[in-house]
Amino acid sequence: MAEIIHDIDQQTPPRRQALSKVSHVRQELGSLYRRARRGEIPAKDLSRYVYCLKTLGDLIIQENLEARLEALEKTIEENGQWAGNQHLRVLRNSKRN
């Protein structure tokens, strides 16, 4: 198993862009797909990368949802009640971050 990982590492240049947003993950997936189509990386390695990037993308989405939920809970806690439109503003503002 260590040999397979070593082979993958030799074929893939070091990352230059952080994968901290879903858009970054999407760009990386597109890049890997194009490299596989050109024959630069084997399909079996591509599937491993895609699995990792899919997992990372899911975690980023979950983290964003968690932050938005915490912002809503904080607003509710501070106001002592549900404040309808105010919560929509919190959601809109959290999307911009």
Scanning region 37-67 residue by residue, those surrounded by 16 or more Cβ atoms within 10 Å (Cβ to Cβ) and of a type in the set (F, W, Y) turn out to be Y49
By residue number, the members of region 38-73 that are among the aliphatic types (A, V, I, L, M) and in contact (Cβ under 8 Å) with a residue 24 or more places away in the chain are I41, L53, L56, I60, I61, A67
Exception for Y51 within (1) at pLDDT below 95; (2) outside any loop (DSSP other than H, G, I, E, B) falls at (1)
Contact list, first residue from region 17-36 and surrounded by fewer than 16 Cβ atoms within 10 Å (Cβ to Cβ), second anywhere and outside any helix (DSSP H, G or I) and among the polar types (S, T, N, Q), beta-carbon distance below 8 Å, six or more apart or interchain, is Q27/Q17
Out of (1) more than 11 Å from the chain's Cα centre (by Cα); (2) surrounded by 13 or more Cβ atoms within 10 Å (Cβ to Cβ); (3) modelled with pLDDT of 95 or more, the one T75 does not meet is (3)
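The values are calculated or read from the model by the stated rules, or taken from the named source; none is laboratory data. Quick caveat, the model's predicted, so the values are computed rather than measured. With ideal geometry, Cβ positions are generated from the backbone for all residues, glycine too; neighbour counts draw on all protein chains shown.
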